[in-house]
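Presented below is the structure to which this report refers.
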Amino acid sequence: IRTMEKQVLESSEEQTFQYQDSLPALPVPPLDESLSKYLDAVKPFLNQEEYKRTEDIVKKFENGIGKELHQKLLERAKTRRNWLEDWWLNVAYLDLRIATQIHCNMGGPGPFIEHCWPPKDGTQIERASVNIWHILNYWNLLRIEKVAIERSGNSVLDMNQFRMLFCTCRIPGVTRDSIGSYFKTETEGECPSHLIVLCRGRVFAFDAIHDGNMVTPPEIFRQLTYIQKRCHSEPDGPGVAALTSNERTKWAELREYLIHLDPKNLTLLEKIQRSLFVVCLDDSSPYATPEDYTEITRLGLTGDPTVRWGDKSYNCIFFSNGTCSAFCDHSPFDAMALITMLSYAEKKIIENEGKWKGSDKVRDIPWPEELVFTVDQKILDEIGCTKELYYKKVSDLQLVNYAFTSFGKALIRKKKLHPDTFVQLALQLAYYKCHGRPGCCYETAMTRRFYHGRTETIRSCTMEAVEWCKSMLDPSDTTYRRLQLMHQAFAKHNKMRKECENGKGFDRHLLGLLLIAQEQGLPVPELYVDNAFTASGGGGNFVLSTSLTGYTRFSGCALPMVYHGYGFFYAIRDDRIVVTCSSWKSCPETDAEVLCRTVFQCFQDMLQLTVAAQL
């Protein structure tokens, strides 16, 4: 009986991927609903005459070609559990030919400086060893499917993205990239178990498993120390990793050239692709305080390209003063999967006060092997050019990562307001103040309650938000009127978020209709060439590219979607709001520092409004 009880107990424990097959398929919303939401969303950017014209175009689309395309999309959805998945991967990521390492990758600082690990020279390898060990444990939990299933309310969320955290790499192609993912759960079979370490232009590998057991922090310490000592006492390597920062077609061609130069190079490239993740030993010492993470974030995203493998789904960067950062290819997953893993590691690090409390015994494990690429003068010249181009591009980046510390989630909730909507509306007001007009805005909504669901767009710049912004800037308006309009703007945003999370947004639907037209070789429908489409952010033209990175200590960032735009990302904690804002210095109309400071001022203004209302 005891054994039977044990079996029942064990089998009642959930497994990470057990509900994958029972998740609902991604729905296709009704055409009329999507089009009416679209019309609502373009209003802030058009005058009456333009709006009338767009309205006619939409009606024509709805009763004509749109109807046909919608039918074809419904047909496609019948045979797929997620009609969007492969399209989205290609259109949003793999078809891009720009330098994705710069324009699409995401990254963020480790928050350990706030508790266990203040910046301190000489701690790089020791901390890296502990951090890596916790991440390896997470990999092991994922392998045995013991990572807790995430839920939203009662809905189980899709866990597929978690598979991409490990052993995953983007592979450049001449016209389209691909993703190599080699992770397997224990039930599925063998999974690669080696790590790659980048240091001073060189590449090393060592296995995380020895004699069937995971390496311990002291053993990782020994491996990393060996690598670092060698790199610091010998000449720098060629820095092949820098090539990943090229435009994609260029990198694909250089990769082919490397393989033709010596087939052994392919073996090395595949070893990097298949690795668990990449550990980057960076010689910089970024300044950092709990209120100002700017330098860590900037270096994490745009630091030395010879110690980042831009195509890898997870680069774990350790700086020489013991601070750290994550840097990831965005195509295989969205930030929340990464943040869940990093929060797990952080929790364990705090529980152990940042130390390793186990045995100091170091087994006789094989030393790391160096992956030495065969290169010729052409490749060396290309690496040189690539670095020059890279530094020129990233030196134009303006990025700030500051904490607003007057209040956070606790107080906002006390006022019965949704914290995420609070920040989005503050951003709308700040943009209006800085630029004198509404800013079309993309906020990420998560559609993970559907099979392989990823994201939908919440268009935060609503008529309700704009009316409220105007009222805030009109000195003759009363507090009561401003408050009334603010509550309407909140209600609208909260409603949109709910719809988007439930598969009732319209941006992915409109994209689907356009892609059906393209696949059928039909002309691009007028709706998509209408000025209203682009002016309101469609086709990747959002001036504000934003995401909530959650309610943890982890914040992160990506770069602006358009040249004259901003990247605006924020983590909301009980007592603070941590904001990362990016823009391009060479664009005369944008200034990340000014926008960020203005948002902080707007936080105060909004709070004042709720306080005044109570008097």
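The values are calculated or read from the model by the stated rules, or taken from the named source; none is laboratory data. What you are looking at is a predicted structure, and each value in this text was computed from that prediction instead of being measured. In this analysis, Cβ positions are derived from the backbone assuming ideal geometry, glycine residues included, and neighbour counts consider all displayed protein chains. Protein only, heavy atoms only, side chains kept; ligands, DNA and RNA dropped before computing areas. Shrake-Rupley method; radii C 1.70, N 1.55, O 1.52, S 1.80 Å.
Restricting the search to helices (runs of 4 or more DSSP H) fully inside the stretch 409-504 and requiring at least 1 residues that are in contact (Cβ under 8 Å) with a residue 60 or more places away in the chain, surrounded by fewer than 24 Cβ atoms within 10 Å (Cβ to Cβ) and under 26 Å from the mean Cα position of the chain (by Cα) gives 409-414, 419-435, 479-501. Restricting GLY110, GLY153 to those that are on the phi > 0 side of the Ramachandran plot, small (Gly, Ala, Ser), out of contact with any Gly (no Cβ under 6 Å at 6 or more places or on another chain) and not assigned by the TED database to the domain that holds PHE206 reduces the list to GLY153.
Among the residues making up the stretch 243-270, those that are among the hydroxyl-bearing types (Ser, Thr, Tyr) and under 30 Å from the mean Cα position of the chain (by Cα) are THR244, SER245, THR249, THR267.
Candidates in the stretch 168-201 are the residues that are touching a helix residue (DSSP H, G or I) at 6+ places or on another chain (Cβ under 6 Å) and surrounded by 22 or more Cβ atoms within 10 Å (Cβ to Cβ); of these, the one that is nearest to MET446 (Cα to Cα) is CYS169.
Within the option set TYR563, TYR551, being within 28 Å of VAL91 (Cα to Cα), aromatic (Phe, Trp, Tyr) and touching a strand residue (DSSP E or B) at 6+ places or on another chain (Cβ under 9 Å) holds for one residue only, TYR563.
Yes or no, residue by residue, for (1) more than 15 Å from ASP507 (Cα to Cα); (2) open to solvent by less than 70 Å² (accessible area, probe 1.4 Å); (3) outside the structural domain of ARG448 (by the TED database):
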residue: GLN18; (1), (2), (3): yes, no, yes
residue: ASP21; (1), (2), (3): yes, no, yes
residue: TYR38; (1), (2), (3): no, yes, no
residue: LYS43; (1), (2), (3): yes, no, no
residue: ASN47; (1), (2), (3): yes, no, no
residue: LYS59; (1), (2), (3): yes, no, no
residue: GLU62; (1), (2), (3): yes, yes, no
residue: THR79; (1), (2), (3): yes, no, no
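Is it the case, given these coordinates, that ASP507 is in contact (Cβ under 8 Å) with a residue 24 or more places away in the chain, open to solvent by less than 50 Å² (accessible area, probe 1.4 Å), farther than 30 Å from THR610 by Cα and touching a strand residue (DSSP E or B) at 6+ places or on another chain (Cβ under 6 Å)? Judged against the criteria, ASP507 is a match.
Filtered by the rule that a residue be in contact (Cβ under 8 Å) with a residue 24 or more places away in the chain, farther than 30 Å from ASP211 by Cα and loosely packed, with under 14 Cβ neighbours inside 10 Å, the stretch 321-380 gives THR374, ASP376, LYS378, LEU380.
Determine whether the stretch 291-305 contains at least one residue that is in a loop (DSSP other than H, G, I, E, B) and farther than 26 Å from GLY122 by Cα. Reasoning before the result, please.
Step one: filter the stretch 291-305 for residues in a loop (DSSP other than H, G, I, E, B), giving 291, 293, 303-304.
Then keep just the ones that are farther than 26 Å from GLY122 by Cα; that gives none.
No, because not a single residue in the stretch 291-305 is in a loop (DSSP other than H, G, I, E, B) and farther than 26 Å from GLY122 by Cα.
Against the test of being assigned to a loop (DSSP other than H, G, I, E, B), under 28 Å from LEU74 (Cα atoms) and open to solvent by less than 30 Å² (accessible area, probe 1.4 Å), the options GLY512, GLY538 yield a single qualifying residue, GLY538. Filtered by the rule that a residue be basic (Lys, Arg) and either outside the structural domain of ASP530 (by the TED database) or buried (at least 18 other Cβ atoms within 10 Å of the Cβ) (or both), the stretch 64-75 gives no residues. On the stretch given as the stretch 541-563, residues that are open to solvent by 40 Å² or more (accessible area, probe 1.4 Å) and either touching a Ser or Thr at 6+ places or on another chain (Cβ under 6 Å) or of a type in the set (Gly, Ala, Ser) (or both) total 3.
Looking for whichever is modelled with pLDDT under 95, out of contact with any Gly (no Cβ under 7 Å at 6 or more places or on another chain) and of a type outside the set (A, V, I, L, M, F, W, C) here; the options are GLY512, GLY540, GLY505, GLY521. Which one fits? Matching residue, one of GLY512, GLY540, GLY505, GLY521: GLY540.
For PRO109, the stated conditions hold: it is surrounded by 17 or more Cβ atoms within 10 Å (Cβ to Cβ), more than 12 Å from ILE349 (Cβ to Cβ) and within 23 Å of the chain's Cα centre (by Cα). Taking the stretch 281-290 as the range and being of a type in the set (S, T, N, Q) and either outside any strand (DSSP E or B) or touching a helix residue (DSSP H, G or I) at 6+ places or on another chain (Cβ under 6 Å) (or both) as the test, the residues that pass are SER284, SER285.
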